[in-house]
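The values are calculated or read from the model by the stated rules, or taken from the named source; none is laboratory data. Here the structure is a predicted model, which means the values were calculated and not measured. When we count neighbours, we look across all protein chains shown, and the Cβ atoms used for this are built from the backbone with ideal geometry, even at glycine. SASA here: full protein model, heavy atoms, side chains in, ligands and nucleic acids out. Shrake-Rupley method; radii C 1.70, N 1.55, O 1.52, S 1.80 Å.
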Amino acid sequence: MKGSTTSMNAPSKRIGKVITKISSSPRKKKVTVYFGNDKIEVSPDVYSDYYLYVGKEMTSKEYKELIYKIKQDDLHQYGLSLAIKGCYSTFEVITKLKAKASEEQSVGNIITRLKKAGLLDDKEFAKEYKETKEAELYGESRIKDDLLHKKLIDPEIVNALRFKNELEHAKVVAVQIEKKLDRYPYNAKIQKALDALQRRGFSYEVSSKAISNYKENPKEENKSLLRIGETLLKQYSRKYSGYELRKHMFGALVRRGFDIDDINNYLEEVL
């Protein structure tokens with residue numbers, strides 16, 4: 001059968017669907033079955049289960065059953081490929097299968113088979129997902145939130161996970177953030193760093209400790225104040241003057257995190 005091709009002309013008096021040709025492709029791991037001008041692809045298992053051969057006539061009912069079996073087999077193979085990748089939770093595999101399936105019962109059967117085979121295990125998935133995200137320097141709350149609300153893992157499984165080295169991981173991220181915020185005023189730098197660390201899933205306590213080594217840089221802050229102040233002065237002086245100009249300048253610089261005394265000193269010089 002492997003790599004072979006057989007064919008015949010369809011008999012004219014038969015009323016069912018007659019197999020006129022069969023060919024196999026080891027590369028595709030599929031067997032192509034022809035019914036005149038029509039053709040279907042089946043897996044080797046389906047091919048042997050249905051005892052398909054050239055000249056076999058299939059009633060409409062038998063043909064529909066074959067097509068249904070092919071769809072179920074394809075769906076199972078798809079589920080199998082998802083499970084083998086190991087990057088999907090049970091919920092995600094179910095969702096992807098339902099998008100392709102015509103019957104919900106079929107999805108349930110496939111999920112049961114995959115679980116029995118040990119290919120779908122949310123406990124193992126959660127553990128591996130946690131380790132991967134920790135290596136990417138995400139914190140506990142972000143990882144747990146993703147598992148609970150995106151992957152729909154059982155809360156009991158998620159809450160059983162243990163997180164270590166949160167502070168060490170947060171410190172690494174904090175160093176990366178500080179480099180990006182080098183020109184920001186100290187107060188703004190602190191707030192932006194805290195926000196960024198908490199978005200990555202680190203607690204406020206851990207985030208605060210991670211940035212405890214941040215230091216003020218008066219020289220850079222002064223340069224930044226002068227640069228931003230100049231831009232704001234050009235912008236606001238088109239619409240305001242006197243007290244209104246000072247008020248808008250002061251508010252804009254405070255929102256950017258500059259020290260109030262430094263702002264007042266700057267405004268005294270330029271206004």
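A few points about this structure:
- Difference of contour (0.36 nm per residue) and Cα-Cα distance, Asp195 to Gln176: 5.4 nm
- Range in the chain, longest, excluding exposed GluC sites (Glu not before Pro) [loop by DSSP; at most 16 other beta-carbon atoms within 10 Å]: 1-102
- MRE, 222 nm, helices only [DSSP H, n ≥ 4, -39500 (n - 2.57), over the chain, to nearest 500]: -19000 deg cm²/dmol
- Computed label-point distance, nm, for sites Ala135 and Lys69 using a 7 Å Cα→Cβ extension: 4.3 nm
- Helix 60-85 axis versus longest C-alpha principal axis of the chain: approximately 40°, rounded to the nearest ten.
- Pairwise FRET efficiency - Asn165 versus Lys247, Cβ, R0 = 41 Å, nearest 0.05: 0.30
- Net charge, Lys164 excluded, C-beta distance under 12 Å - Lys, Arg +1, Asp, Glu -1: -3
- Among the chymotrypsin sites (Phe, Trp or Tyr not before Pro) in the stretch 32-66, those placed in a DSSP loop whose Cβ has at most 15 other Cβ atoms within 10 Å are Tyr51, Tyr53.
- Extending 7 Å from the Cα toward the beta-carbon at both Lys219 and Tyr51 defines two label points whose distance is 9.1 nm.
- Annotation: lysines with alpha-carbon distance below 16 angstrom to Lys239 (same-chain offsets under eight excluded): Lys247.
- The charge dipole of the stretch 81-224, taken about the Cα centre with unit charges on the Cβ atoms of Lys, Arg (+1) and Asp, Glu (-1), comes to about 320 debye, rounded to the nearest 20.
- Counted charge near Asn222, where neighbours are those whose Cβ lies closer than 13 Å (Asp, Glu -1; Lys, Arg +1): -4
- Solvent-accessible area, 1.4 Å probe, carbon plus sulfur percent, for the chain: 48 percent
- Net charge, Tyr236 excluded, C-beta distance under 12 Å - Lys, Arg +1, Asp, Glu -1: +3
- Whole-Å distance, taken between Cα centres, linking the stretch 48-67 and the stretch 207-271: 80 Å
- Which of Pro185, Tyr236, Ile153, positive extreme of dipole for the stretch 138-271 (C-beta unit charges): Tyr236
- Taking semi-axes √(5λ) of the Cα gyration tensor in Å as calculated from this structure, the corresponding entry among (1) 26, 22, 18; (2) 68, 24, 15; (3) 30, 24, 18 is (2).
- Set Lys30/Lys98; Lys100/Lys164; Lys144/Lys219 screened for pairs whose C-alpha atoms are more than 30 Å apart: Lys100/Lys164; Lys144/Lys219
- Whether the stretch 120-271 is rounded, prolate or oblate, judged on the alpha carbon gyration tensor where a/c under 1.5 counts as rounded: prolate
- Principal-axis tilt of helix 90-100 within the chain, Cα atoms, nearest 10 degrees: 60 degrees
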